[in-house]
Amino acid sequence: MIIALRIPSFILASVIAAVTCSFVPTLAQAATTATPALTATPARTWEFSEDGVTFDTQFSAARINVCTRIARDHFAVVTSPENRPINASPWFAFRVTAKTAKTIKIHVSCEGTKLRYIPKISVDGTSWIALPAEAYIHGPAADEGTITLKVGPEPLWVSAQEIISTERLEAWSRTLERLPFVTRNEIGRSELGQPIYKLEINAVPAGMKPNFITVISRQHPPETTGSQALLRFIETLIAETPLARRFREKFAVMLVPLVNPDGVNGGNWRHNARGVDLNRDWGLWENPETRTVRDQFQALRARGPHYFHIDFHSSFVDGFYTQPDDWPSQLPGFTAAWIAGITTRLPHNTPKRSTQRKPTITTSHNWAYREFGIPTCTYEVGDNTDRVMLQAIATAAAESLMEQLLAAEATKPTFSSPVKP
Ligand SMILES: [Zn+2]
């Protein structure tokens, strides 16, 4: 039944890396029994000639591990994690075509955890629709569901969430780079040799010292709602509005939109190509991706004050992880004022703030707080947050942030050595 097996270079490199790289557990993982084997998913095509139906994973961010025929026009796909232990975020993405138009059923299941995402479909890989109950039934077990779709010669993408691939983020980044005040540079390479890019948005007039904020995203491959919020957030900072213009006169933005290209390319559930959760590596520095971004952050010290750091992710619901207000900070009261500004704009939809009482977890936001003493945030976007509201929240978050940064800058804060809780 399997008629083609083509392994793209990045996947092949992943297979080689799996053989040659030992699994390095993070502090959190070290507490449990980690399985060292890291499973790459070769890009494949499965052709079911009895039904004239073909499935494939010949694209970036694709992932299914098994595809079989159950009965006439009825198929089963299974997704497995890259290694264990791992968070329950079973990613899947595949394409399906049929020689003639027909309706098929696809049983989707994942190994050892609950199916988390409501599947999305797209005919171009760009515009997505979430499946309603007529097309997707979750169950009967928590790890399975059944999709019913009309298929035909035009390829149909089916994915756990909207795919925001490396190519899509690079196209957006290269578009942004055309602005006269934006530069884009490769700052390092991933475990598999993929470039990691930094964008700098810097319209601060020549001769004036810029103030900086840092923005990163996609340490965790399936967290594409976080990427959606990131794009809107940045587009609000570069908009032609009086507020954004005032912001850009004083502040520059250092942005790394894709920290984990290997994980995103491979359709990983959580980890990088070494099987490590990168957002537990800040302070351990066992991975090239986190070391690369760390070095860029530290190099800002010589250029201007670093005011704020934000890291975009996805979770079950919207939320902001921040420091408690009573912790020492270079900018006391900043986070509370920022959230209040969002609440003024969206009184019923402000994400819930959670104060992080464990500064030792090796996340980017904890590290940036300890390293620079600045307010930091992990910005979580809900898996099922209405996509229009997602945009409204990201806009409000960016607008309120610009207001508070300008207010803080006006007080001419003294950036001393880091303050530790
Ligand atoms: Zn995450």
- prompt: When you look at TYR369, is it in the same structural domain as TYR307 (by TED's automatic domain parsing), under 27 Å from ARG294 (Cα atoms) and in contact with a Gly (Cβ under 8 Å, 6 or more places away or on another chain), yes or no?
  reply: no
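Would you please name the residue that is nearest to the chain's Cα centre (by Cα), looking only at residues in segment 160-183 that are assigned to a loop (DSSP other than H, G, I, E, B) and farther than 19 Å from ALA93 by Cβ?
So in segment 160-183, the residues assigned to a loop (DSSP other than H, G, I, E, B) come out as 160-165, 177-181.
Applying the additional criterion that residues be farther than 19 Å from ALA93 by Cβ yields 177-181.
Numbers: GLU177: 21, ARG178: 24, LEU179: 24, PRO180: 27, PHE181: 25 Å.
Filtering first and then ranking leaves GLU177.
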query: So, in segment 204-226, of the ones that are polar (S, T, N, Q) and within 12 Å of LEU255 (Cα to Cα), which residue ends up farthest from the ligand (Cβ to nearest atom)?
result: THR214
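Check segment 382-396 and report whether any residue there is charged (D, E, K, R), within 22 Å of ALA337 (Cβ to Cβ) and in contact (Cβ under 8 Å) with a residue 24 or more places away in the chain.
Filtering segment 382-396 down to residues charged (D, E, K, R) leaves 383, 386-387.
Cutting the leftovers down to within 22 Å of ALA337 (Cβ to Cβ) gives us none.
No; the residues of segment 382-396 include none that is charged (D, E, K, R), within 22 Å of ALA337 (Cβ to Cβ) and in contact (Cβ under 8 Å) with a residue 24 or more places away in the chain.
Residue-wise test of (1) within 21 Å of TYR369 (Cβ to Cβ); (2) in a strand (DSSP E or B).
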| site | (1), (2) |
| --- | --- |
| ALA273 | no, no |
| GLN298 | yes, no |
| ASP311 | yes, yes |
| PHE320 | yes, yes |
message: Here are the criteria: (1) within 16 Å of the ligand (Cβ to nearest atom); (2) without any contact (Cβ under 8 Å) to a residue 60 or more places away in the chain; (3) surrounded by 18 or more Cβ atoms within 10 Å (Cβ to Cβ); (4) of a type in the set (S, T, N, Q). Tell me which single one THR363 does not satisfy.
response: (2)
- prompt: Which of (1) within 22 Å of TRP269 (Cα to Cα); (2) free of Cβ contacts under 8 Å to residues at least 60 places away in the same chain does ARG184 not meet, given it meets every other one?
  reply: (1)
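Filter segment 320-355 for residues that are within 16 Å of the ligand (Cβ to nearest atom) and within 16 Å of ALA392 (Cβ to Cβ) and give the result. Lay out the reasoning, then the answer.
From segment 320-355, those within 16 Å of the ligand (Cβ to nearest atom) are 320-322, 351, 354; that's our starting set.
Once the filter is applied, which keeps residues that are within 16 Å of the ligand (Cβ to nearest atom) and within 16 Å of ALA392 (Cβ to Cβ), segment 320-355 yields PHE320, PRO351.
Being among the small types (Gly, Ala, Ser) and over 19 Å from the mean Cα position of the chain (by Cα) is the filter; apply it to segment 81-102 and report the residue that is nearest to ARG44 (Cα to Cα).
Our first condition is that a residue be among the small types (Gly, Ala, Ser); within segment 81-102, this holds for 88-89, 93, 98, 101.
Cutting the leftovers down to over 19 Å from the mean Cα position of the chain (by Cα) gives us 98, 101.
Numbers: ALA98: 16, ALA101: 23 Å.
Only one residue fits best here, namely ALA98.
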message: So, in segment 286-319, exactly how many residues are among the small types (Gly, Ala, Ser) and over 19 Å from the mean Cα position of the chain (by Cα)?
response: 3
task: With respect to ALA408, determine if the residue is away from the ligand (no atom under 16 Å from the Cβ) and either crowded, with 18+ Cβ neighbours inside 10 Å or of a type in the set (Lys, Arg) (or both).
output: yes
- prompt: All but one of (1) away from the ligand (no atom under 16 Å from the Cβ); (2) charged (D, E, K, R); (3) in contact (Cβ under 8 Å) with a residue 12 or more places away in the chain hold for ARG178; which doesn't?
  reply: (3)
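Looking at THR322, THR395, which is the one that is crowded, with 21+ Cβ neighbours inside 10 Å, under 20 Å from the mean Cα position of the chain (by Cα) and in the same structural domain as LEU237 (by TED's automatic domain parsing)? Talk me through it step by step, then tell me what you get.
Working: THR395 fails: crowded, with 21+ Cβ neighbours inside 10 Å.
Within the list THR322, THR395, the selection yields THR322.
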query: Taking only pairs six or more apart or across chains, which ones have beta-carbon atoms under 8 Å, a first residue in segment 75-95 that is more than 11 Å from VAL108 (Cα to Cα), and a second residue that is at pLDDT below 95 and part of a strand (DSSP E or B)?
result: ASN83/THR35; ARG84/THR35; PRO85/THR35
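Quick one: which of ASP281, ASP277 is within 16 Å of the ligand (Cβ to nearest atom), surrounded by fewer than 24 Cβ atoms within 10 Å (Cβ to Cβ) and over 21 Å from PHE212 (Cβ atoms)? Give the steps one after another, and end with the answer.
Working: ASP281 fails: surrounded by fewer than 24 Cβ atoms within 10 Å (Cβ to Cβ).
Answer to the check: ASP277.
The values are calculated or read from the model by the stated rules, or taken from the named source; none is laboratory data. Quick caveat: nothing in here was measured; it's all calculated off a predicted structure. Here the Cβ is made from the backbone with ideal geometry for all residues, glycine too, and neighbour counts use every protein chain on show.
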